[in-house]
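Q: I am attaching a structure below and will ask some questions about it afterwards.
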C-alpha cells in the first residue's frame with residue numbers, strides 16, 4: 001500500500017529482454033546515450049531493474065552494472081549504481097560503509113535506523129550478515145559508544161518492541177526534565193509503536209509545557225541529540241523528516257549529494273509523493289525546482305525523474 005505514495009511505480013508494459021537490448025544499444029559503439037540509460041532505469045521499479053539485470057546477463061554474458069560503470073561516471077554513475085541495488089541491500093551497504101570507513105558516518109546510521117520499519121530492519125540485519133559476514137549489531141556497538149550507541153542497538157531490537165510497560169514518569173516529577181533518566185528515555189523511544197509514543201509525547205507536553213523536541217535539544221548534544229530528534233521526528237511524520245533532510249542537503253554552500261541521492265533512491269518507491277507535499281508545505285517551494293537549481297547534467301535529470309515530475 002505504501003508504494004502508492006512512491007514516485008516510481010512498476011512500468012506497465014514491461015519487457016526485461018527488450019529493456020536489456022535498449023540499454024545494450026545505448027552503450028554500444030562510440031559515445032553513450034545517457035538519456036536512454038536514465039529514462040529506462042528511473043521509469044522501472046527496483047524489482048523490474050533486477051529482471052533487466054538478469055536478462056542482460058543472459059543475452060550478453062556480462063554484468064549490467066559493470067557495463068554501466070564503464071560507460072558513465074561521477075555522481076550520475078553513483079546514482080545509477082544505487083538504483084540497481086535491491087533496496088535492502090542498498091541500506092545494508094550504506095550502513096556497512098558508514099561503519100567501516102575511516103570514522104563513522106553517523107548521519108547515515110541515524111537516518112536509516114530511525115526511519116525504517118521494524119520489518120525493514122529485520123531484513124537489513126539478515127542481508128548485512130549474508131553480505132558482510134558480520135552481525136550489524138556487533139559492528140555498530142564496536143563503532144559507537146555511550147547512550148548514543150545503546151539507542152542505536154535498541155533500535156535494532158525489533159522483536160522486543162512492543163512489550164514495554166507504560167512510562168508516565170518519562171517527565172521525572174520533581175526534577176522536571178527528562179535528562180535525569182536518560183536510560184529510561186532511550187528505552188521508551190526504542191519501542192517502535194508510534195501510536196503509543198505519540199500519546200507519551202502529548203502527555204509530556206501537558207506535564208512539562210514544552211515539546212519533547214525542545215527538551216531533547218536543551219538537554220542532549222551531538223550524535224545522541226541528532227538520533228533522539230530523528231526518532232521523534234520519524235514517529236511524528238516520516239515524510240516530514242525526509243523533507244527536512246533533503247532541504248538541508250541542498251540549501252547549504254555546496255550540495256550534500258550523498259544525502260540527496262540516498263533519500264531520492266531509497267524513498268522513490270515508498271513515500272516520495274508525501275515527501276514532496278511536506279517539502280512544499282514546510283519550505284514554500286517545490287522539491288522539483290530545488291533539485292533543479294542545485295544539481296546539473298544527467299545526474300540532475302535522473303533525480304528529477306525520481307522526484308516524479310514537476311509539483
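The values are calculated or read from the model by the stated rules, or taken from the named source; none is laboratory data. Since this is a predicted model, take the numbers as computed values, not measurements. In this analysis, Cβ positions are derived from the backbone assuming ideal geometry, glycine residues included, and neighbour counts consider all displayed protein chains.
Q: How about the range 276-304: which of its residues are under 18 Å from the mean Cα position of the chain (by Cα) and over 16 Å from residue 74 (Cβ atoms)?
A: 276, 277, 278, 279, 287, 291, 304
Q: If you don't mind, there's one more thing I want to ask. Assuming residue 165 fulfils every condition listed in (1) at pLDDT below 95; (2) over 23 Å from residue 224 (Cα atoms); (3) part of a helix (DSSP H, G or I) apart from one, which condition is it?
A: Only one criterion in (1) at pLDDT below 95; (2) over 23 Å from residue 224 (Cα atoms); (3) part of a helix (DSSP H, G or I) is unmet by residue 165, namely (3).
Q: For the range 210-223, name all the residues that are modelled with pLDDT under 90 and crowded, with 18+ Cβ neighbours inside 10 Å.
A: Across the range 210-223, the qualifying residues are 212, 215, 216, 220.
Q: Report yes if residue 207 is in contact with a helix residue (DSSP H, G or I) (Cβ under 9 Å, 6 or more places away or on another chain), crowded, with 16+ Cβ neighbours inside 10 Å, in contact (Cβ under 8 Å) with a residue 12 or more places away in the chain and part of a helix (DSSP H, G or I), otherwise no. Before the answer, list the steps.
A: Working: in contact with a helix residue (DSSP H, G or I) (Cβ under 9 Å, 6 or more places away or on another chain): yes; crowded, with 16+ Cβ neighbours inside 10 Å: no; in contact (Cβ under 8 Å) with a residue 12 or more places away in the chain: yes; part of a helix (DSSP H, G or I): yes.
Answer is no for this residue.
Q: OK, next. Would you mind stating whether residue 35 is in contact (Cβ under 8 Å) with a residue 60 or more places away in the chain, assigned by TED's automatic domain parsing to the domain that holds residue 144, at negative phi and surrounded by fewer than 20 Cβ atoms within 10 Å (Cβ to Cβ)?
A: no
Q: Looking at the range 129-157 only, could you name the residues that are touching a residue at least 12 places away in the same chain (Cβ under 8 Å) and assigned to a loop (DSSP other than H, G, I, E, B)?
A: So the first thing to find is which residues in the range 129-157 are touching a residue at least 12 places away in the same chain (Cβ under 8 Å), and the list is 131-132, 136-137, 139-141, 143-144, 146-148, 150-157.
Result: 144, 157.
Q: If residue 103 passes every condition in (1) part of a helix (DSSP H, G or I); (2) without any contact (Cβ under 8 Å) to a residue 12 or more places away in the chain; (3) under 20 Å from residue 230 (Cβ atoms) but one, which one does it miss?
A: Result: residue 103 passes all but (1).
Q: Considering only helices (runs of 4 or more DSSP H) fully contained in the range 1-70, which possess at least 2 residues that are closer than 12 Å to residue 84 by Cα and either at pLDDT 95 or above or in contact with a helix residue (DSSP H, G or I) (Cβ under 8 Å, 6 or more places away or on another chain) (or both)? Talk me through it step by step, then tell me what you get.
A: On the way: elements: 16-27, 34-42, 46-60.
Filter on the range 1-70 gives 34-42, 46-60.
Q: Still on this structure, I have one more. Could you say which residue among 260, 227, 304 is in contact (Cβ under 8 Å) with a residue 60 or more places away in the chain and either buried (at least 18 other Cβ atoms within 10 Å of the Cβ) or farther than 28 Å from residue 156 by Cβ (or both)?
A: Numbers: 260 fails: in contact (Cβ under 8 Å) with a residue 60 or more places away in the chain; 304 fails: in contact (Cβ under 8 Å) with a residue 60 or more places away in the chain.
When all the criteria are applied, what remains is 227.
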